[in-house]
Amino acid sequence: MRSSRRLRWRIGLPAVIIVIAALSLAPSRGTVLDLRASGAIVEPGGTVATVPAETTETFIPGTSVLSSADRTDPAVAQQIEDDRDWLADGHVPGAGTPYAGMAERSLLDLRVLTSASGALMAAPVTAWRHVWPRDASFAVAAYAATGHHDDAADVLGFLARVAPADGQWEARYLADGSGTPDDRPKQLDGTGWVLWAVWMFAETAADQAQADEVLELMRPSVVASADAIMAELGEDGLPAPSSDYWEKRESELTLGVAAPMSLGLRAAAALAPRLGVDATEWSAAARRLDQAIEDEFGAHGYPRTVPDGGADAAVSFLAPPFAPATPQVSDAVRETESALLVPNGGHRPGEAWRKDVDVAWTPETGLLALALAGTGDREDAERLLTFLDTYRTPLGSLPEKVDSEAKPASVAPLAWTSSLVLLTLAQLEGGLPVVPAA
């Protein structure tokens, strides 16, 4: 009897191991997540605070002031006036459409998340209370596209203060500008995003004196970042693997790194005449990188990694406003949007994303909406905007995720998604400037 039991155990152990291994590889489904905040406010001392997810409060229209605030308090009255004057100084895209409220809240949330020093927090919760060059760059673009160039200049000013001398940007920075919060590896895509943000500012600025001042401030960063991208390109014209917006270590080059680096080189080349810089080498490197992306990634339908890394929202980085439209990229954007769709109507980052595959990520949905708008697909861009609008928090802010039960989840407001909504609406309304080919 004893030997029989031992035999059954020996037979059963491999089967148990196989089952455990299979479960560990299988994607998780039916994920329900908490909403960590409904929105954010600026307290009297200037500190950004979150509003609980279960709040029954509302914002006073046109402000980030809660309805419970004492309007007889001179400080409260001043904040209400300041918020409304600030909105009026710029442009709220999507006016007269169902998305006007979402656009207004996105702008006001960006304002809350931007400190007086220009530090743009990704979100007002724990580990998100830092400055990602990527998120900050999109906020610069959103501010510029809506006529808030003073705020865009403030964010660029912060980036100039933390800019690395070698052009290799850290993944994120402490909001006080004193360094980095941890030893997370550098992310090469940040180099490209900052260059695009500077170009976007200069391209849309009405005040040329302000534009010249900002360009002078950012000139060392532009030169160092463009040179850093060139130095990263190998004999095949492509950079080495790096972390990208998935925020994980990578052993293979991803489209999420290659495409922003191409964008950065082209943006730097376009800025060069105003910076008094010879762009010959940057332009040549950009053409070489673009050709390598087309040869390597384009030959397989622009996957995350070649040859078969699956569809990835990063294909958006090759569409307008980041690059001139091409039929191949436009087709890939539409195919990717379909491939990444989850049951709640939003999108996961990529087909290779194995965690919480029934959860939609609002930045990825926003990226695809922007790309669809840029390629002229208004109907589908508005479908994605409707999804984002539908699943805002009780206070109207855009969350990071929408879970499998179709509820807003994780942190809110998220600066990247807020920026993407504004850029998409601006694209649909009148178009955004497109970084030219080198």
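The values are calculated or read from the model by the stated rules, or taken from the named source; none is laboratory data. All of these numbers come straight from a predicted model, not from anything done at the bench. Methodologically, a virtual Cβ is constructed for each residue, glycine included, from the backbone with ideal geometry; neighbour enumeration extends over all protein chains shown. When the accessible area is computed, the model is the full protein with side chains, heavy atoms only, and any ligands, DNA or RNA have been set aside. Shrake-Rupley method; radii C 1.70, N 1.55, O 1.52, S 1.80 Å.
Summary table
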| quantity | calculated |
| --- | --- |
| Label-point gap, in nm, between Ser338 and Arg184 - each point 7 angstrom along Cα→Cβ | 3.5 nm |
| Reachable aspartates and glutamates, given that their alpha-carbon falls under 13 Å from the alpha-carbon of Lys355 and they are not under 8 places away in the same chain | Asp403 |
| Mean separation of Cα contacts under 8 Å (6+ apart) over length of the range 340-417, as relative contact order % | 28 percent |
| The chain, accessible area per residue, ligands and nucleic acids excluded (1.4 Å, Å²) | 41 Å² |
| Computed accessible area, Lys186, all protein chains, 1.4 angstrom probe, square angstrom | 80 Å² |
| The range 52-109, accessible surface, carbon-and-sulfur percent (1.4 angstrom probe) | 54 percent |
| Gain on full stretching of the segment that runs from Asp150 to Thr56 - 0.36 nm per residue minus C-alpha separation | 30.5 nm |
| Around Gly396: net Lys/Arg minus Asp/Glu count, Cβ-Cβ under 13 Å | -2 |
| Charge sum, other residues only, whose C-beta stays under 15 Å from Ala209's C-beta, Lys/Arg counted +1 and Asp/Glu -1 | -4 |
| Surface accessible to a 1.4 Å probe, Leu113 within the full protein complex, Å² | 0 Å² |
| Percent accessible area from carbon and sulfur atoms, the range 325-422, protein chains only, probe 1.4 Å | 46 percent |
| R0 of 45 Å, Cβ-Cβ distance Asp89-Gln291: FRET efficiency to nearest 0.05 | 0.55 |
| Spacing of the two label points (7 Å from each Cα toward its C-beta) at Ser117 and Glu213, in nm | 2.1 nm |
| Linear extension gain, Thr47 paired with Glu235, 0.36 nm per residue minus alpha-carbon span | 62.8 nm |
| Label-point separation, Val32 to Ser68 (7 Å along Cα→Cβ), nm | 2.6 nm |
| Antiparallel bridges, percent of DSSP beta bridges restricted to the chain (to nearest 5) | 95 percent |
| Part-to-part distance (alpha-carbon centres) for the range 128-142 and the range 292-359, which is given in Å | 22 Å |
| Longest site-free stretch - the chain; sites: GluC sites (Glu not before Pro), DSSP loop, at most 16 other Cβ within 10 Å | 58-234 |
| C-alpha center-to-center spacing [the range 231-290, the range 77-93] in angstrom | 38 Å |
